[in-house]
Structures are given as C-alpha cells and as structure tokens.
Amino acid sequence: MNARIIDGKAISAAIKTEVAQRVHTLARQGITPGLAVVLVGEDPASQVYVRNKAAACEKAGLHSKVIRLASDTSEEALLDVVRELNNDASVHGILVQLPLPAQMNSSKVIETIAPAKDVDGFHISNAGLLMTGRPLVRPCTPYGIMKILESENTVVRGAEAVVVGASNIVGKPMALLLLAAGATVTLCNSKTRDLGAQTRRADILVVATGRPRMITGDMIKPGAIVIDVGINRQADGKLTGDVEFESACKVAGAITPVPGGVGPMTIAMLLVNTLEAAERCVHI
Ligand code: NDP
C-alpha cells in the first residue's frame, strides 16, 4: 500500500483564504483583528516562529505587533506587558512565545493573559472549558489536526484514536478534541507498556513525542490515518517527524509529511483563533 500524502500547506491555504474573507467582513464593521506576540530573548527557533506568525497575519489582513524583550527581563516586567495588552482594545489575541527564560514561570505568565485573548488556548480556564466540553479557544495544533481530519473526510465518531504524547499543548487537548468528536481515545506516554500494541489498534494515530522516527510501519494498522506532529532537526539540518515516513507510507492509508503537514495548520489556526476572538468582541 502507498499512503496518500496529506497536503497540510493546501489545507492551511484554504483556511487562510477563508480567514481573509472574514477579516474583510469585520473590517466593514470597523474592526481589524489584532495579534500581539511577545518574544523574550533571542532563541533562534522562536525568532523564526514569531516572524512566520507575523507574516501570516499581515497576509490575511490581520494586524500584528511583536513585542521584543531582552532575555534578562524580569517576570514582573513581562507580566506588566501582558496586563497592558489585556487592556488594549486593538489587541484581540495575545501570544507569549515559549520557551521563556529560566527566571520566568511560564504558567504564571500564561495565566495572566485574559482567557478571551489567549489565542494559544493554553490558559487553565481554556483548558478547563475544553475538558468540560465547552471549548472557547482550542489549542492551535490539535485544532489544526481536527481540520485535517475534516478535510480528509475521516470518520472520527466511533473510530479508535490513539494519541502518542500527552503534553498540555498537543497530546492532552488532542485527546479531548477527538473524544468530543466521538472517538474512542487512548492517550499514551513514555511509560506506556508495549506501545506498538496500542498504536496498531488505531484508525487515527496522532504522534507528538519529539522522538525522531520512533513510530515505524510495523506499529501502524493497515489503512490508518497517521498524523505526525513531531518537528525534529537532524544532524544534516533537515527536519524529520516522530514517524518513520518511509516504512509508515507502506502501511498507512494517509499520512502527514514533515515538513508540510501539521506545521502549516498550526499557524492557520492561530489566525482563526485571533479572528474569532475579534468576532466575539463584535457579538458581545
Ligand atoms: P513534550 O516534550 O512536551 O511532550 C512529549 C510527550 O511525549 C510526553 O507526554 C512524553 O511522555 C511523550 N513521550 C516521550 N517519549 C515517548 C515514548 N518513547 N513513547 C511514548 N510517549 C513518549 O512535547 P510537545 O508535545 O511539546 O511536542 C512534541 C513534538 O511535537 C515535538 O517534536 C515538537 O517540536 C512538535 N510540535 C510541533 C508543532 C507543530 O506545529 N507541528 C507544535 C507543537 C509541538 P511523558 O508524559 O511520560 O513524559
């Protein structure tokens, strides 16, 4: 079998086009959705992510501003910046780029963001709403994966879904979104015994561990849809996922490549979350 390669760039482009149309509609009511990204320090990967996010905003007609703070900024100074953005009516979405320098408590910083402006969906109140089936802001990466499943016409209701990796930003919210859509969900972590026995049951397999190529073809159910969230930089500079692409392609029915699969969806859903935060301001 040769898996269909899912084109995350194409799916995300369609979503961005729809965002641009809705931004245009809002503009007629005098509102331009605004995203503020706070970047602390000079981490090279974070710089690239922030640049890409700002560029995607501008392209879709959203307003974006990047607030750059020195790596030795105090936690209190960062909290003041966040509080100011909370009170800024031109800012509908606030994103503090992680990781933060060691002197800062990430949870405290995220919990200072107004939940309605928390476009990453990481605030405990957004996590709680998701858990109780009343989502307000869904974390971008798992939300984007649900959009991939939708665009692939994957039947989620009643499907066996296995999520490998249980982080707060990917694995756990992914499991909750799949559960809400009617899947029977298994959530695996580094202590899972016989991981292959779990993954081989999956009609929908989502892998987010940060362990390069750890899921091999023999761990995949024939015909499954495989979503590879991992972004790992190899010694040769190239990116690879958490799934061994070549062997997986021989077994899976469809698979997301790395790069070009989940990554572009994450940015597209950030735009959606910012747009929807602005739309909520109109509808209040
Ligand atoms: P974390 O390091 O926060 O979490 C990793 C999770 O994987 C943990 O739950 C850990 O288990 C689990 N894990 C680690 N090793 C194994 C193993 N051998 N078997 C089973 N489970 C294992 O990672 P993130 O969730 O933040 O990110 C995961 C990957 O996704 C990374 O490569 C990251 O770069 C990428 N990523 C990609 C995004 C995109 O837009 N495409 C967005 C966000 C992340 P335990 O809980 O027991 O420690």
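Just so it is clear, none of the values below were taken in a lab; they were calculated from the coordinates. A quick note: this is a predicted structure, and the numbers were derived from the prediction, not measured. For neighbour counting, all protein chains shown are included, and Cβ atoms are generated from backbone atoms with ideal geometry for every residue, glycine included.
Annotations
- Proxy reagent accessibility, fewest Cβ within 10 Å first, across V81, V282: V282, V81
- In this calculation the C-beta distance from N105 to K250 is compared with R0 = 45 Å, giving a FRET efficiency of 0.50.
- Computed E for A45/K9 - FRET, C-beta separation, R0 30 angstrom, nearest 0.05: 0.90
- For region 139-263, a simple Cβ point-charge model (Lys and Arg +1, Asp and Glu -1, everything else neutral) yields a dipole of about 260 debye relative to the Cα centre.
- Counted by neighbouring Cβ atoms within 10 Å, the residues D88, D203, D118, D72 run from fewest to most as D72, D88, D203, D118.
- Here region 139-263 was treated as a single set of alpha-carbon atoms; its pair distances binned every 10 Å from 0 give 15, 51, 31, 3, 0 percent.
- Neighbour counting of Cβ atoms within 10 Å sorts the residues H123, H63, fewest neighbours leading, into H63, H123.
- Furthest towards positive pole of dipole, V258, G241, G165, structure part region 139-263, Cβ charges: G165
- Long hydrophobic helices in the chain, taken as whole DSSP H segments with a C-alpha length of 18 Å or more on their own axis and mean Kyte-Doolittle hydropathy at least 0.5: 262-283.
- Taken about its Cα centre, region 61-177 carries a charge dipole of about 320 debye when Lys and Arg each add +1 at the Cβ and Asp and Glu each add -1 at the Cβ.
- Simple rule: put +1 on each Lys or Arg Cβ and -1 on each Asp or Glu Cβ in the chain, find the dipole, and look at G93, S107, L39; the Cα lying farthest toward the positive end is G93.
- Taking Cα centre as origin and charging only the Cβ of basic (Lys, Arg, +1) and acidic (Asp, Glu, -1) residues, the dipole magnitude of the chain rounds to 540 debye.
- Spatial offset of region 108-158 relative to region 215-244 amounts to 23 Å, using the alpha carbon center of each.
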